[in-house]
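Novice: Before anything else, here's the structure in question.
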Amino acid sequence: MAKKHLIVQEQKEVQIIADVVARYYDLTMDEFKMKTRRRHIVTARHMYHYICHKIIGFTTYKTGFLTDLDHATVLNSCKQIDNWLSYDKKVQQDLKMILITINNGNKYHEAVKLLYQVPSIKLERLKREIEKYIVA
């Protein structure tokens, strides 16, 4: 799928999700996108596809965008993760931790956006107050 089919916001979202998943599984982005069947890389890609499609709600085409895989592969990934979630505690814990990380990152980015909207005079005091509550 060509990049032009995703709006800028969607490109950022899939990139953030991919970064979080890759870091969680201790992979570089090159490894994450690699065409391989190595279990630890495939598991990370399955998790990325599952989060983008089942949780965020992207279409299978948009979900496969970053990894250059087709919609059928995304559907298979979602089916695999659904199956694993039914019995594998490790996969359940991985999904939970990845979603928490993504959610915390989104809260952090929303707060940073708000900081840029505040007049510069009040900015330093407000930054100190907000930093008490934000864990990046």
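Novice: Can you name the residue in the range 62-87 that is outside any loop (DSSP other than H, G, I, E, B), open to solvent by 40 Å² or more (accessible area, probe 1.4 Å) and among the polar types (S, T, N, Q) and is also nearest to K33 (Cα to Cα) among such residues? Quick ask: steps written out before the conclusion?
Specialist: First pass over the range 62-87, keeping only residues outside any loop (DSSP other than H, G, I, E, B): 62-63, 71-85.
Applying the additional criterion that residues be open to solvent by 40 Å² or more (accessible area, probe 1.4 Å) yields 62, 71-73, 75-76, 79-80, 82-83.
In the following step, the residues that additionally are among the polar types (S, T, N, Q) were identified as 73, 76, 80, 83.
Numbers: T73: 14, N76: 17, Q80: 19, N83: 23 Å.
Per the stated criteria, the residue is T73.
Novice: Do we have any residue at all in the range 39-59 that's hydrophobic (A, V, I, L, M, F, W, C) and touching a Lys or Arg at 6+ places or on another chain (Cβ under 6 Å)?
Specialist: no
Novice: I've got another one for you. Only one residue in M1, M34 is touching a Phe, Trp or Tyr at 6+ places or on another chain (Cβ under 6 Å), over 19 Å from G105 (Cα atoms) and at pLDDT below 90, so which one is that?
Specialist: M1
The values are calculated or read from the model by the stated rules, or taken from the named source; none is laboratory data. All values reported here derive from a predicted model rather than from experimental measurement. Because the Cβ atoms are built from the backbone with ideal geometry, glycine has one as well, and the counts that use them run over all protein chains shown. These accessible areas exclude ligands, DNA and RNA; they are computed on the full protein's heavy atoms, side chains included. Shrake-Rupley method; radii C 1.70, N 1.55, O 1.52, S 1.80 Å.
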